[in-house]
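The structure under discussion appears below in the form of structure tokens.
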Amino acid sequence: MFPPHCQKCFSEAQIVRVVLPLGEDSLALNARVTLGEFPLIEGFFPPHKLPVTQLEPGRICFVHCTSPAGAFTISARIAEILDPRRLRLDFVDSSPPVQQRQHFRVETQILLRFWPIGSPRPQVDVEPRRVNLSAGGLRFAVNEPLDEGCEYAFAIELPGLVQTIFCDARMVRMLNILDEEHAAFQFTRIQPEDREYITRYCLAEQRRLLREKVHVRQGN
């Protein structure tokens, strides 16, 4: 059956964002979505928007939902093109709801460099690090503990983004994770467009991880 947060969100039809696969590209459209008998999901799209000739049954699409419990993403398989405005989808999986006041977080590897504000920028190449990243901040392992409350400048390079993101962040706490010291930072100065780049990257990574999870389940 559908997870409880999906049932609660779609107790009535909802207008949500649906990301459809088009070859190696994708298209995001608003649609009115309803849940039928599990695993049936039906999407009703605006006139002349649904590219029916480019859709392939069996491909995975993503339904981005917002509810009082939080935001979540459903992965679903395109089952049937019912008419030029309607798709039948089969539910595959759903991410857990995330409170809207929070940001989507992903575990990923990016290139970054950081240094205390007021100190000269280190003349070294950016280093690849495994980080927990969101549009609100980041967390990663460090060689030695850092002082809580200290401000740091960051140079961050995201895969697929040409320009480097320069921003400031405050070290808010140290954590011990699997016997490693991790520093958690909260962004204090970041351009709105750079925050949006990070948000888009995190959402894309979340979709990629959901795809991998679906493929693993199909393989089993």
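Since every read-out is calculated from the coordinates, none of them should be taken as a lab result. What you see is a predicted model, and the numbers here were worked out from it, not measured in a lab. A quick note on method: Cβ atoms are made from the backbone with ideal geometry, for glycine too, and the neighbour counts reach across all protein chains shown.
Which residue, Ala183, Phe154, Tyr197, has the largest displacement toward the positive end of the dipole of segment 106-201 when charges sit on each Cβ (Lys, Arg +1; Asp, Glu -1)?
Going by the Cα projections, it comes out as Tyr197.
With angles folded into 0 to 90 degrees, how steeply does helix 192-219 sit against the dominant principal axis of the chain? Use alpha carbons for both and round to 10.
That works out to roughly 60 degrees.
Classify the chain from the C-alpha gyration tensor, please: rounded if a/c falls under 1.5, else prolate or oblate depending on whether a/b exceeds b/c.
It comes out prolate by the Cα gyration axes.
From the phi of every residue in segment 164-172, what ³J(HN,Hα) in whole Hz does the Karplus formula 6.51 cos²θ - 1.76 cosθ + 1.60 yield, where θ is phi - 60° and glycine or proline is x?
Karplus-based 3J(HN,Hα) across segment 164-172 equals 7, 8, 9, 7, 10, 8, 9, 6, 9 Hz.
Considering the chain as a Gaussian network with a 10 Å cut-off on Cα pairs, which listed residue, Leu178, Leu161, Leu27, attains the greatest mean-square fluctuation?
Looking only at Leu178, Leu161, Leu27, the biggest GNM fluctuation is shown by Leu178.
Mind listing the long-range amide H neighbours of Cys150? Cut-off is under 5 Å, sequence gap 5 or more, other chains count too, H placed in the peptide plane at 1.01 Å from N.
Met171
Exposure proxy check: Val162, Val142, Val63 ranked by fewest other beta carbons within 10 Å?
So the ranking, lowest neighbour count to highest, is Val162, Val142, Val63.
When the dipole is taken about the Cα centre of the chain, and only Lys, Arg (+1) and Asp, Glu (-1) are charged at their Cβ, what size is it in debye, to the nearest 20?
The dipole of the chain has a size of about 620 debye.
At a Förster distance of 25 Å, what's the computed FRET efficiency of Leu40 paired with Glu212, Cβ-Cβ distance as r, to 0.05?
0.55
Which loop GluC sites (Glu not before Pro) in segment 13-84, with loop taken from DSSP, have no more than 13 other Cβ atoms within 10 angstrom of their Cβ?
Qualifying residues, ordered by number: Glu24, Glu37.
Normalised by the residues of segment 15-89, what does the relative contact order come to in percent, with Cα pairs under 8 Å and at least six apart?
RCO, segment 15-89: 31 percent.
With a cut-off of 8 Å between alpha carbons and a minimum separation of six or more residues, what is the relative contact order of the chain in percent?
13
What residue among Ser94, Ile110, Cys9 has its Cα farthest toward the positive end of the dipole of the chain, where the charges are +1 on Lys, Arg and -1 on Asp, Glu, each on the Cβ?
Cys9
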